[in-house]
There are 4 protein chains.
Amino acid sequence: MALPKLPQDINSNQKMKYLTIEWLQSRGVTMADIATLVLEIQQQYVPGLQLEDCMESVDRVLDKREVHNAVFTGLALDELAEQGVVPQPLLDILKRDDGLYGIDEILALSIVNIYGSIGLTNFGYLDKVKMGIIGEVNGHKGSQVNTFLDDLVAAIAAAAAARIAHRYRDQQESLA
Amino acid sequence: MALPKLPQDINSNQKMKYLTIEWLQSRGVTMADIATLVLEIQQQYVPGLQLEDCMESVDRVLDKREVHNAVFTGLALDELAEQGVVPQPLLDILKRDDGLYGIDEILALSIVNIYGSIGLTNFGYLDKVKMGIIGEVNGHKGSQVNTFLDDLVAAIAAAAAARIAHRYRDQQESLA
Amino acid sequence: MALPKLPQDINSNQKMKYLTIEWLQSRGVTMADIATLVLEIQQQYVPGLQLEDCMESVDRVLDKREVHNAVFTGLALDELAEQGVVPQPLLDILKRDDGLYGIDEILALSIVNIYGSIGLTNFGYLDKVKMGIIGEVNGHKGSQVNTFLDDLVAAIAAAAAARIAHRYRDQQESLA
Amino acid sequence: MALPKLPQDINSNQKMKYLTIEWLQSRGVTMADIATLVLEIQQQYVPGLQLEDCMESVDRVLDKREVHNAVFTGLALDELAEQGVVPQPLLDILKRDDGLYGIDEILALSIVNIYGSIGLTNFGYLDKVKMGIIGEVNGHKGSQVNTFLDDLVAAIAAAAAARIAHRYRDQQESLA
């Protein structure tokens, strides 16, 4: 799979966000896919939560520089492993998505932490049950290397869900 | 519930481990309860895994000073909240096990990290589905405050499972 | 030292922030003390940075629920240890500010992470050299227990410095 | 700089450790360089500490699978950036060692955490003052990209120092 064409000189946050979204799409994941995960895990806690609200929360998470950097790094490693240019023994580790590798979870954690530790539980759950797009991405065991992609997607969804939980509380408290 | 009687002068690691186990028991959780969780989440990955192996792994996790300190701190907060001596507004937060508190997950993470990030997924999963003793402990919504207890137990189980995964790999590789 | 008087029913974020500031003050640390640390570590990177900018950044960090919860928990433990009501062996560990305890750094890390991992370096540095108010607080080895206070203050300063670094970059890039 | 020649089939932990050491050396860092850092930060706390003890502690840290994975991943990114094959905008971020990147600290943290949070302070301090080999490596601003190398070295030193602190305590307590 080809990398998205990138302008030579990228330096504003908005451009970085755009590139992050584009890169996720080029690997097969849309913002709507992630928002669907958020809705599924958060709707039992927030009455009346809509997909639209979840889209907006995913969008806010994707504003963050930490998220751009984690996504760029993880997806670059997935792609460079596909191209076979990653040096050994890392190449084999990435290609077989070694369950003891752990660096994929580490990058994901840097995204989850942005809205605090309450996202940890949802991240672990999503990663374990391989819900929705995460399962699809994880199942692509052909030529594609998705060692980082599934964890990054679970982390963005967990962060967006944590953001909704915080905002719902703020709203409840301002009404009280 | 009364605290276990403690010798005045505690300073060896073995005594600390003994106190950690005793304190967990006084809150209603035995090592066998935790080992049962480990077996349930790890048996699909390690052929022939026995409860005894899981007990041994929980025992090794409980050797660690970081685990003692996290357990002492979390359970002290649970008990002091029960006694009503924790200052406000923290007292109310602990008593209602506020989902946005997050410090319980933070302490748990310090246990999970001992065997690396691969424990994160199991921790999140256990915490979400409230498996076995975690669900029992979480359901005690009478006079007992168990805000930290359930997360600590999930973390010890996740760490013990990660330890088994590492050792199983080592064993496989030495046979290869 | 007496706890600040608290309104019976605390539930809005603004009240929590107010309580957080009040509690830090009751332990001997003002927002200006923290802002002074921020200025000292960040002024070499941001030309023209003023104490006022640092005050504003500390103020924004103190808006966050994660910060409130970490401060409430850490300072409650410091105070309950002073009062001698924390159960053993934790009481002795807290009273002697045991260098291997580690839970103080864990709570601090939950604050540092809010603005991403770039705060880690400054946190470690502040905690090691015991700059300004951190050294003062750490030196109070009389009846006061400040095991958590110094790490919490270093963490708030490191987070506020990281926030300034992010915003300075955004500003530079929007000018480019 | 060429990668070290690697045997085709790497799967035992001992081989991974050997490769980790070889790779660090090929980037200009020896185990003795790291042990020297450990001695400098830990000798004030442990009377009679020798370089040899520090070498042994670095050696134990390098036994850990988490350390291998973090080192392989970070140094692969440094080298692939040097070769210019990392996709944009990540390539530019890595080449200029962007202070807001943060993923280098994230990988380092996964090493530091192995011996608990007490390593955090030393990691931050080493990374800030750029002590010894860390300063040398950081100063190589020619064709070499060392964005990850300096943080990885600081993390290994901080973990080895934390390990010594834990063992010194155990020893003291067994004598008591």
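If you scan segment A:128-172, which residues turn out to be buried (at least 17 other Cβ atoms within 10 Å of the Cβ), of a type in the set (S, T, N, Q) and part of a loop (DSSP other than H, G, I, E, B)? Hits for segment A:128-172 are A:ASN146, A:THR147.
In this entry, D:ALA32 is excluded by the filter for residues that are within 19 Å of the chain's Cα centre (by Cα) and facing chain A (nearest Cβ under 9 Å).
Suppose we filter B:HIS140, B:HIS68 for residues that are at pLDDT 95 or above and either more than 25 Å from D:ALA70 (Cβ to Cβ) or of a type in the set (A, V, I, L, M) (or both); which single one remains? Let's see the steps before the verdict.
Numbers: B:HIS140 fails: at pLDDT 95 or above.
Only one candidate qualifies: B:HIS68.
Being at pLDDT 95 or above, part of a helix (DSSP H, G or I) and under 29 Å from A:LYS64 (Cα atoms) is a property that holds for C:LEU37.
B:LEU109 passes every criterion in (1) surrounded by 19 or more Cβ atoms within 10 Å (Cβ to Cβ); (2) modelled with pLDDT of 95 or more apart from (2).
Filtering segment C:42-59 to residues that are under 18 Å from C:ILE114 (Cα atoms) and touching a Leu at 6+ places or on another chain (Cβ under 8 Å) leaves C:GLN42, C:CYS54. Filtering segment B:44-63 to residues that are surrounded by fewer than 23 Cβ atoms within 10 Å (Cβ to Cβ) and within 19 Å of the chain's Cα centre (by Cα) leaves B:LEU51, B:GLU52, B:ASP53, B:MET55, B:GLU56, B:ASP59, B:ARG60, B:LEU62, B:ASP63. Against the definition (within 12 Å of another protein chain (Cβ to nearest Cβ), out of contact with any Lys or Arg (no Cβ under 9 Å at 6 or more places or on another chain), within 18 Å of C:MET131 (Cα to Cα) and touching a residue at least 12 places away in the same chain (Cβ under 8 Å)), how does C:GLU105 come out, yes or no? When the stated conditions are applied, C:GLU105 passes them. Taking helices (runs of 4 or more DSSP H) as the structural unit, those lying wholly within segment B:64-127 and holding at least 2 residues that are among the small types (Gly, Ala, Ser) and out of contact with any His (no Cβ under 7 Å at 6 or more places or on another chain) correspond to B:65-82, B:103-112.
Hey, does segment D:138-150 have a residue that's at the interface with chain C (Cβ under 10 Å from one of its Cβ atoms) and either among the small types (Gly, Ala, Ser) or within 20 Å of C:TYR125 (Cβ to Cβ) (or both)? Lay out the reasoning, then the answer.
Taking segment D:138-150 first, the residues at the interface with chain C (Cβ under 10 Å from one of its Cβ atoms) are none.
So far as segment D:138-150 goes, no, none of its residues is at the interface with chain C (Cβ under 10 Å from one of its Cβ atoms) and either among the small types (Gly, Ala, Ser) or within 20 Å of C:TYR125 (Cβ to Cβ) (or both).
Select from segment D:21-34 the residues that are of a type outside the set (Val, Ile, Thr) and assigned to a loop (DSSP other than H, G, I, E, B) and list them in ascending order. Spell out how you get there, then give the answer.
We begin by selecting, within segment D:21-34, every residue of a type outside the set (Val, Ile, Thr); these are D:22-28, D:31-33.
Once the filter is applied, which keeps residues that are of a type outside the set (Val, Ile, Thr) and assigned to a loop (DSSP other than H, G, I, E, B), segment D:21-34 yields D:ARG27, D:GLY28.
Scanning segment B:46-63 for residues that are in a loop (DSSP other than H, G, I, E, B) and without any contact (Cβ under 8 Å) to a residue 40 or more places away in the chain, we see that the one that is nearest to D:ALA165 (Cα to Cα) is B:GLN50.
Answer with yes or no whether C:ILE118 is modelled with pLDDT under 90 and either within 30 Å of B:VAL67 (Cβ to Cβ) or within 10 Å of chain D (Cβ to nearest Cβ) (or both). Lay out the reasoning, then the answer.
Details: modelled with pLDDT under 90: yes; either within 30 Å of B:VAL67 (Cβ to Cβ) or within 10 Å of chain D (Cβ to nearest Cβ) (or both): yes.
Against the criterion (modelled with pLDDT under 90 and either within 30 Å of B:VAL67 (Cβ to Cβ) or within 10 Å of chain D (Cβ to nearest Cβ) (or both)), C:ILE118 qualifies.
Criterion first (modelled with pLDDT of 90 or more and buried (at least 24 other Cβ atoms within 10 Å of the Cβ)) does A:LEU91 satisfy it? Quick ask: steps written out before the conclusion?
On the way: modelled with pLDDT of 90 or more: yes; buried (at least 24 other Cβ atoms within 10 Å of the Cβ): no.
Criteria not met by A:LEU91.
In the set A:GLY99, A:GLY84, only one residue is under 17 Å from D:LEU80 (Cα atoms) and surrounded by fewer than 24 Cβ atoms within 10 Å (Cβ to Cβ); that residue is A:GLY84. With respect to being modelled with pLDDT of 90 or more and away from chain B (no Cβ under 14 Å), A:GLY84 fits the description. Looking for something polar (S, T, N, Q) and under 19 Å from D:GLU22 (Cα atoms) - is there at least one such residue anywhere in segment D:102-119? No, segment D:102-119 has no match at all.
The values are calculated or read from the model by the stated rules, or taken from the named source; none is laboratory data. Quick caveat, the model's predicted, so the values are computed rather than measured. Cβ: placed from backbone, ideal geometry, glycine included. Neighbour counts: every protein chain shown.
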